[in-house]
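Everything on this sheet refers to the single structure shown next.
All of the numbers you see were taken from the coordinates with simple rules; none came from a lab. Just so it is clear, the structure is predicted and the values come from calculations on it, not from any experiment. Neighbour counts run over all protein chains shown; Cβ positions are idealised from the backbone, glycine included.
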Amino acid sequence: MAAAVPKTLILYSCPGDQDRIRLDKEHRALDELLRKHDLPGHTLRRLHATTVSDFTSALRDETYEIVHFSGHGSPEGICLEDDLHGQSVFIDADRVSRIIQAALPDLRLALFASCYSASAIPVLINAAPFLITMQGTADDEAAIQFISNFYDDLFRHGAFERAFNTAMCSVEFRGKADRIKPILSRRAKQRKGAVIQASVGARRDSIFVDLTEAEPDIAALNIPKDDFLSLLTRKIRLHEWIFRYPRENALLSIGPYFGFFSWTNADDIVTCTRLMQLKSNVDEATCNAWTKLIVTYNDRRCEKHRAAQDPGSPENTATIARALERLHKNVKSYLDDPQLGEPLRKAARTQFAVSFTNALSNVESAEEDLRESDFPSAAIKFEVALSAIHDLINALAAVLTEQPAP
């Protein structure tokens, strides 16, 4: 199965007063890849002879996951063209980084296929969680080889780390490793504190988790730290789909423990703020029902329509309908099945009533909106229903868990 293809902006620049770079060959190579993978041309938006005005306006025109620059560079920045005569204009790396950050705060990858760009890693890394730069000079032919293989693998599998490694292997296999030296950097690695790296398989990029705030809780657990970290990395590997959408204070079960996690972009860093454990008086039925509720909530949080730029758009009708059907079934199961509902009702009676009444009312109203083609309202009410369930999960966390005692 092909991976979801990141929306990409490619900026080419070869001012008339600089040595010629075969950007036309790179363009054709990417055209071949689009045909090979049966992708529409707008998958990659490409601008040639990029001026400073083009650079700033293109970044703001649309939302992109990847920004790629191919052209001349130096240890201090990149060369664009002036607006009148096509002559070179030097833009320092700090300015480039700040422009990208302001225009695309959720950018995933910045790729600079320009000579000496690796010298600016400390500045450019602020632009995106993933950064690819070139150490020293870069040969045209080797650069095209690297870029073609990088996008070829990315279109297949969707993981930046895998695509980078595949492209590097191709360059080395063809005997061109001495003609180009790309470097992949992760912003998360620059972070100070107790940061761990969790591998989630060949088709997904690894996830970095900052445990600094939770270190006192980890130290108080009744198992060795290495054993807990093994549980945590396994949890992340098995449930990496949870991290595809931004979350604040997400509650995840980790073996016999529960952790609170927040992240804006899991490509960057996931922060664990605290760990909890079940109180000794919590029975198995209550624990089972609550854990299932957490899993249910996380599943519904990852419904496909929620990742769309406009969740309430008519084109998402089918996915919203399926999401509402699943959420309605989930809510009814807790209201109608005593094994699921009763333990939680006893643990947090008032919040249980408020949350599930609210959730059911909003789901039923959203389904009515959907029948009347009021898609934005249906999407909003889905969110309100989810929020009501989240309130119950938090209320149960306060009643059923406690922080590990030192």
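Numbers at a glance
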{"item": "Restraint check, LYS235/LYS332; LYS304/LYS329; LYS332/LYS381; LYS7/LYS304, Cα-Cα greater than 22 Å", "result": "LYS235/LYS332"}
{"item": "Computed label-point distance, nm, for sites GLU325 and ALA285 using a 7 Å Cα→Cβ extension", "result": "3.3"}
{"item": "Net lengthening on full extension, GLU315/ASN126 (0.36 nm per residue, minus Cα-Cα)", "result": "64.6 nm"}
{"item": "Tilt relative to the chain, helix 284-301 - C-alpha long axis, 0 to 90 degrees, to 10", "result": "30"}
{"item": "Three-way shape label, region 1-133, alpha-carbon gyration tensor, a/c 1.5", "result": "oblate"}
{"item": "0 to 90° range, to nearest 10: angle between helix 349-371 axis and the chain longest Cα axis", "result": "60"}
{"item": "Model label zone, PHE90; criterion: amide N under 18 Å from point 7 Å along Cα-to-beta-carbon; scope region 20-61", "result": "52"}
{"item": "Cα-based convex hull volume of region 282-406 per residue, rounded to whole Å³", "result": "97"}
{"item": "Listed values [x] 46, 26, 17; [y] 43, 29, 21; [z] 39, 25, 19, entry calculated as semi-axes √(5λ) of the Cα gyration tensor in Å", "result": "[x]"}
{"item": "Proximal lysines relative to LYS192, as straight alpha-carbon distance under 21 Å, when same-chain residues fewer than 8 apart are discounted", "result": "LYS225"}
{"item": "Cβ-Cβ FRET estimate between ARG35 and THR357, R0 fixed at 56 Å, reported to 0.05", "result": "0.55"}
{"item": "Per residue, the convex hull volume that the Cα atoms of region 191-278 enclose (Å³)", "result": "87"}
{"item": "Mean separation of Cα contacts under 8 Å (6+ apart) over length of region 223-327, as relative contact order %", "result": "18"}
{"item": "Stretchable slack from SER230 to GLU76, in nm (0.36 nm times residue separation minus alpha-carbon distance)", "result": "51.3 nm"}
{"item": "Rounded if a/c under 1.5, otherwise prolate or oblate - region 342-406, Cα gyration tensor axes", "result": "prolate"}
{"item": "Euclidean distance of C-alpha centroids, region 38-108 and region 132-201, integer Å", "result": "20"}
{"item": "Region 71-183: Cα Rg divided by the 2.2 N^0.38 Å rule of thumb", "result": "1.09"}
{"item": "Principal-axis tilt of helix 23-36 within the chain, Cα atoms, nearest 10 degrees", "result": "40"}
